[in-house]
Amino acid sequence: MRVTCYELNINMTNIKDFTGYNPTWCPGCGNWGILTALKQAFVQLGMGPDDIVVVFGIGCSGNMNDFLNGYGFHSLHGRAIPNAIGIKLANHKLPVIAIVGDGDCYGEGGNHLIHAARGNHDIKIIVHDNRVYGLTTGQTAPTSQKGYKTRSTPLGNIDQPINPLATVLSNGATFVAQSFAGDLNHLILMIKSAITHKGFSLLNVLQPCVTFNKINTFQYYLKRVYKLDGAYQQSNLKQAIEKSLELNEEKFPLGIIYQENRPTYTDFIEQIKGKPLVEKERFTNFELLEKLFI
Ligand code: SF4
């Protein structure tokens, strides 16, 4: 239930306002932490379920569509990003979040990711990066390490893993961050930072899949993650790219890797400068339309 606090002039929501059906995820999966952090971030930002749109891809992460209460859109595999962009173009005043998995975002949707970054589309992409295809019972994913053995690669993965942070940084992303599903406070902070950034945001969340990935476990990450300190300059692109390359050595910086302010895609569209597309008068001159097509 939403309550208005007149003294502070903010709307107060409760984590229960965002609670949908009971999750069917495996016990201990990192997805639980991401869902909790997401709901907490919404509450702390004073948002209600009707203030946002969350677009989902396909995968265990996409099943969150049923577990989160709010406006949602469950898209096709790899197509969460273009749907999120479409919604944003229709109503650029609405916060739009895409919840995707590493396969969905860096594999099937990789092309969309690059173009969303270079256009500085004001959408927030939160990636459940568990380095495996969990929903389809454990096949090699784009972020799986070389040599990683799964049902689809019994002799070991041949490909180099995608470096998602370096990929978007080198393609114009204005907000790039990384967090860990085992550190709830940090994750809440990063989700809030991604949502409040004006422009394209990628938050890569290291998320253990306890059922199918027996290598990249909570213990594995706890030994390798570290937080960026105050000396780190978030606006230095060269430094950010160097930092992102640490992933190749299995070191995992947590925090805002890069942030810059730049006009967003919709800032350049004259036709929607006054008001969003959804608030404009509908075109009803069908006679003129017919003439145009004859
Ligand atoms: Fe989580 Fe893996 Fe189970 Fe999917 S298969 S719910 S990612 S533990």
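The values are calculated or read from the model by the stated rules, or taken from the named source; none is laboratory data. Note that the coordinates shown come from a computational prediction; the quantities given were computed from them, not determined experimentally. All Cβ positions, glycine included, derive from the backbone under ideal geometry; neighbour counts span all protein chains shown. These area figures cover heavy atoms from the full protein model, side chains too; ligands, DNA and RNA do not enter into them. Shrake-Rupley method; radii C 1.70, N 1.55, O 1.52, S 1.80 Å.
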Residue check, Val127 at pLDDT 95 or above, open to solvent by less than 10 Å² (accessible area, probe 1.4 Å), closer than 30 Å to Gly48 by Cα and within 16 Å of the ligand (Cβ to nearest atom): yes
Unique residue being crowded, with 17+ Cβ neighbours inside 10 Å and assigned to a loop (DSSP other than H, G, I, E, B) when the list is Pro154, Pro161: Pro161
Residue identified as farther than 22 Å from Val100 by Cα and in contact with a helix residue (DSSP H, G or I) (Cβ under 6 Å, 6 or more places away or on another chain) among Ala240, Ala231: Ala240
Cβ pairs under 7 Å, 6+ apart, first in the stretch 50-66 and near the ligand (Cβ under 10 Å from one of its atoms), second open to solvent by 10 Å² or more (accessible area, probe 1.4 Å) and of a type in the set (Phe, Trp, Tyr): Cys60/Trp25
Checking Thr137 against (1) of a type in the set (S, T, N, Q); (2) surrounded by 24 or more Cβ atoms within 10 Å (Cβ to Cβ); (3) within 13 Å of the ligand (Cβ to nearest atom), the condition it does not meet: (2)
Some residue of the stretch 146-155 being without any contact (Cβ under 8 Å) to a residue 60 or more places away in the chain and within 16 Å of the ligand (Cβ to nearest atom): yes
Members of the stretch 234-254 found to be in a loop (DSSP other than H, G, I, E, B) and modelled with pLDDT under 95, listed by number: Glu250, Lys251
Residue within the stretch 279-294 that is open to solvent by 30 Å² or more (accessible area, probe 1.4 Å) and either in contact with a helix residue (DSSP H, G or I) (Cβ under 6 Å, 6 or more places away or on another chain) or within 30 Å of Tyr133 (Cα to Cα) (or both) present: no
So Ser170, is it surrounded by fewer than 18 Cβ atoms within 10 Å (Cβ to Cβ), at pLDDT below 95 and of a type in the set (Gly, Ala, Ser): no
Test: Leu237 is closer than 25 Å to Ile34 by Cβ and not polar (S, T, N, Q): no
Sole exception among (1) open to solvent by 100 Å² or more (accessible area, probe 1.4 Å); (2) at pLDDT 95 or above; (3) not in a helix (DSSP H, G or I) for Lys223, by number: (3)
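Would you check which residues across the stretch 21-42 are of a type in the set (Val, Ile, Thr) and within 18 Å of the chain's Cα centre (by Cα) and list them?
Ile34, Thr36 - these are the residues of the stretch 21-42 that are of a type in the set (Val, Ile, Thr) and within 18 Å of the chain's Cα centre (by Cα).
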Subset of the stretch 273-289 (residues that are in contact (Cβ under 8 Å) with a residue 60 or more places away in the chain and assigned to a loop (DSSP other than H, G, I, E, B)): Pro276
Residues of the stretch 191-214 satisfying the condition of being touching a strand residue (DSSP E or B) at 6+ places or on another chain (Cβ under 9 Å), hydrophobic (A, V, I, L, M, F, W, C) and part of a loop (DSSP other than H, G, I, E, B): Phe200, Cys209, Phe212
Residues of the stretch 207-251 that turn out to be away from the ligand (no atom under 13 Å from the Cβ), within 16 Å of Asp183 (Cα to Cα) and of a type in the set (Phe, Trp, Tyr), as a count: 3
Some residue of the stretch 196-206 being touching a Cys at 6+ places or on another chain (Cβ under 8 Å) and open to solvent by 10 Å² or more (accessible area, probe 1.4 Å): no
